[in-house]
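Everything on this sheet refers to the single structure shown next.
The values are calculated or read from the model by the stated rules, or taken from the named source; none is laboratory data. Only a predicted model underlies this, so the values are computations on that prediction, with no experimental measurement involved. Don't worry about glycine lacking a Cβ; one is built from the backbone with ideal geometry, like all the others, and counts go over all protein chains shown. Remember, those area values only see protein heavy atoms, side chains included, never the ligands or the DNA or RNA. Shrake-Rupley method; radii C 1.70, N 1.55, O 1.52, S 1.80 Å.
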Amino acid sequence: MEKILESLNDAQQEAVKTIDGPVLILAGAGSGKTKTITSRLAYLLAQGIPASSILTLTFTNKAATEMRERALSLIEDKTYPPLLCTFHKFGLLFLKFNMEKLGRRNSFVVIDTDDKKRIIKSFGIDMPVGLVANEISRYKNSLIDPALAWEKAELPNYKKIAQTYEQYEKYIKDNNLVDFDDLLVLPYKILNENEDLCRETSERYKYIMVDEYQDTNDLQYRLIRKICSTHENICVVGDDDQSIYGWRGANIKNILDFKDEFKNTKIIKLENNYRSTTNILKAANELIEHNRSRLGKVLRSTKGEGTAISIIESHDEKNESTIIAKRIKVLIDKGVSPRDIAVLYRINALSRSLEEGLNRVGVPYNMVGGVKFYERTEIKDLISYLRIIANPNDDFSIKRIINRPKRGLGKVTIDKILKGAYENHLSIYGYITTKQDELKGMVSKKCYNALVEFSENLQRLIEVSSEATYNIIDELESLYGIKKYYDQLPDSLERVSNIDEFYGLFRDLVKQNPEMSIDEFLNDLALQSDQDAIDTENIAIMSIHTSKGLEFDYLFVIGMEEGFLPLVGDGSDIEEERRLGYVAITRAKEELTLSYSESRFYKGRRTELTKSRFLKESGVCQGSLVLEKTTSYRKGDLVKHKIFGIGRIFEISKVKREFKLKINFSGTKRDIVASFVEKI
């Protein structure tokens, strides 16, 4: 017992010793959250509570593994350790024992996202597969079955999706498959339909802990309620100030309303921070105090005042990346380990100029949790288009984009074209343009017309490129609609931002070098994106979302401008953006540098920018305070109105300081102020 408690502070000890009833542990950044959870787990076992009666749920396998190892180091009897796993792993184990309740065999196979997309694609739907898969996932997590999805669908596209959803569900049931969403949906369905089993499961797990509770969605909350239906010995650990996943379904109300949902909740705040200096925490505390939807806590440093926060003001993104790269080079030359240095950004598109700056100065880096800018799907597509404009006989690039954007060319059709080109000793482009009679008799009329249009547009681009390289981007977009295509896919904001960033880069380089050819541009690009092999000793660059849970001695945060951090516009949630700023700041241990630029390429053109309101709100520099009502709603969200019932948002606009939602209520479209509806 002494071993478990000896290294804990007073608040941590209180959290560990409070084992009965509902407990909410508000664990601030760097406050020893994992240590507290694992110590509490060991304490429960030391009290004589059977390991089989304890269930601890978290979000990632990495977190589960770390907690399991640390908890076991405190436990003397390791023979039967308690169940500590992710939500989805728990769902998998539960289904293995209870799948027959749904009339299905427990020998099911779990499929991944790629498998799911391939199944959907096999139905021949003429919509982006990613969009359909995303919508099906949203239906499942909202516990909407295919019949209800069909009933509620008013627009033709949603009717198609509902029909595909029905086909998909039949397919996976017939083949005894389970997708990622089913690992939560099916256990909830079984528990909801079998009272005896629900009671038995709840009585088995009499002590429940949930990590990162601020990241739970509505379905996970419902599942937790079922598991603790016969008792309220539930301890949730989280930080409302670090709730940054609203865009993927996390509901901050789960942690904000916990004390109301579970009566007599004991709230314990872990506010001693063992990670960051006082100067860093002062900025974090001042920033997050501007949020209204929070339970409230103040982080206190145990490390002393530390170095003042540094601010970088740059003319543009190139200037910014050069300054930061040089500062990092100085740190490394002084003996700082590269693994202790990181650069964060809100939008992945900002990584392009950063990567180039680091390459110029010769600082190797790892991109964590993402792909490098020039390796992203949408950017590789654009590069492929430019390659075939420069060289129409580049079969490798044509094969990549011949059906992207979608032109209705299936695998069979493309295989016929490849075979025809091979037999005629021609490139794909050469075959399409010179053997049209042969092609006409080989493929459907629709495919033939699409191929002719593709080749004619390509010829037009080749002509434009010989006249003025600068105009090629506008012509490319006009003829092929690449942005429009990616705007229909999941993560459309991110993808379109990346495309705009690439277009802006192209125009800027051609402006600086009017005689530059596409060939020269592509050659320069190849040099810029040629990276050293991944090395654990490199510095890290990543999005703020990816950085959550990590910490670095020396931290740089770029893009501290209105429109980048925070993101502003339709569907933006300023409080979640502020929480992102808070997460970014609290990753820093010793030295923090915040950077903003006077201008950047944005949506294909250079845009003058103003520094982020968060710099003023955190007290690190002067500036005007921006007060603005925001909405967390996004296009496509299901909402409920007290009178009109359930509807789906199809447009968001701003009227003065209010947000107006256009909502489709079963065919009747109404304009409703955002504050008069609630998200389902």
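Overall form of the stretch 380-439: oblate. Here a/c, set by the Cα gyration tensor axes a ≥ b ≥ c, is 1.5 or more, and a/b is not larger than b/c.
Annotation: aspartates and glutamates with alpha-carbon distance below 12 angstrom to Lys642 (same-chain offsets under eight excluded): Glu678.
When the scattering of the stretch 352-413 is computed by the Debye formula from its Cα atoms alone, each counted once and equally, what is log10 I(q)/I(0) at q = 0.14, 0.21, 0.25 Å⁻¹? Reported log10 I(q)/I(0), two decimals: -0.57, -0.88, -1.02. The helix-based estimate of mean residue ellipticity at 222 nm for the chain, built from -39,500 (n - 2.57) per DSSP H run of four or more residues and divided by its residue count, is -13500 deg cm²/dmol to the nearest 500. Taking square-rooted eigenvalues a ≥ b ≥ c of the alpha carbon gyration tensor, is the stretch 193-232 rounded, prolate or oblate, where a/c under 1.5 means rounded and, failing that, a/b exceeding b/c means prolate? Oblate.
Determine the shape class of the stretch 314-356: with a ≥ b ≥ c the square roots of the Cα gyration tensor eigenvalues, call it rounded for a/c under 1.5, and otherwise prolate if a/b is greater than b/c, oblate otherwise. Note, shape of the stretch 314-356 comes out oblate.
The mean sequence distance of close C-alpha pairs (under 8 Å, at least 6 residues apart), as a share of the length of the stretch 1-83, puts its relative contact order at 34 percent. Enter the angle in degrees (range 0 to 90, nearest 10) between the Cα long axis of helix 351-361 and the first principal axis of the Cα atoms of the chain, meaning the one along which they spread out most. For 351-361 against the chain, the angle is about 80 degrees.
Pairs spanning more than 20 Å between alpha-carbon atoms, out of Lys117/Lys635; Lys140/Lys635; Lys116/Lys416; Lys89/Lys679: Lys117/Lys635; Lys116/Lys416; Lys89/Lys679. Scalar couplings 3J(HN,Hα) for the stretch 141-158, obtained by applying the Karplus form with A = 6.51, B = -1.76, C = 1.60 to θ = phi - 60°, are 5, 9, 6, 9, 7, x, 5, 5, 4, 5, 4, 7, 6, 9, 7, x, 4, 6 Hz; x denotes Gly and Pro. The residues neighbouring Leu426, those whose beta-carbon lies less than 12 Å from its own, together hold a net charge of -1 under the Lys/Arg +1, Asp/Glu -1 convention.
Less than 5 angstrom separates the built amide H of Thr86 from those of Thr58, all sequence-distant by 5 or more or on a different chain.
When the Cα atoms of the stretch 150-283 are aligned to their principal axes, the ranges along those axes come out at 57, 39, 26 Å in descending order.
Annotation: the stretch 88-144 has a Kirkwood hydrodynamic radius of 13.1 angstrom, from the mean reciprocal C-alpha pair distance. By accessible area, using a 1.4 Å probe on protein heavy atoms only, the chain has 48% of its surface on carbon and sulfur.
Annotation: amide H of Ile539 within the under-5 Å range of Asn366, sequence separation 5 or more or interchain, hydrogens built in the peptide plane. Pairs exceeding 31 Å between alpha-carbon atoms, taken from Lys101/Lys269; Lys62/Lys253; Lys440/Lys511; Lys173/Lys484; Lys226/Lys640; Lys303/Lys616: Lys101/Lys269; Lys440/Lys511; Lys173/Lys484.
Computed from backbone phi, the HN-Hα couplings of the stretch 214-223 come to 5, 9, 6, 9, 5, 5, 4, 4, 4, 5 Hz, rounded to whole numbers (Karplus: 6.51 cos²θ - 1.76 cosθ + 1.60, θ = phi - 60°; Gly and Pro given as x). Summing charges over neighbours of Leu638, with a neighbour being any other residue whose Cβ is under 12 Å away from its Cβ, gives +3 when K and R count +1 and D and E count -1. Backbone geometry of the stretch 538-551 corresponds, through the Karplus equation with coefficients 6.51, -1.76 and 1.60 at θ = phi - 60°, to 3J(HN,Hα) couplings of 7, 5, 10, 10, 6, 6, 4, 4, 5, 6, 4, x, 9, 8 Hz, x marking Gly and Pro. Spacing of the modelled spin labels on Ser675 and Thr377, each 7 Å from Cα toward Cβ, amounts to 4.0 nm.
Once backbone amide H atoms are built at 1.01 Å from N, Val210 has Leu57, Cys235, Val236, Val237 as its partners under 5 Å, excluding neighbours fewer than 5 places away on the same chain. Taking the C-alpha atoms only, the angle from helix 492-512 to the longest principal axis of the chain is near 50 degrees. Hey, any idea what the orientation-averaged projected area of the convex hull of the stretch 285-434's Cα atoms comes to, in nm²? Orientation-averaged projected area of the Cα hull: 16.2 nm².
Per residue, the chain exposes an accessible area of 46 Å² to a 1.4 Å probe, with every protein chain left in place.
The Lys406 and Asn264 beta-carbon pair, evaluated with R₀ = 51 Å, returns a calculated FRET efficiency of approximately 0.35.
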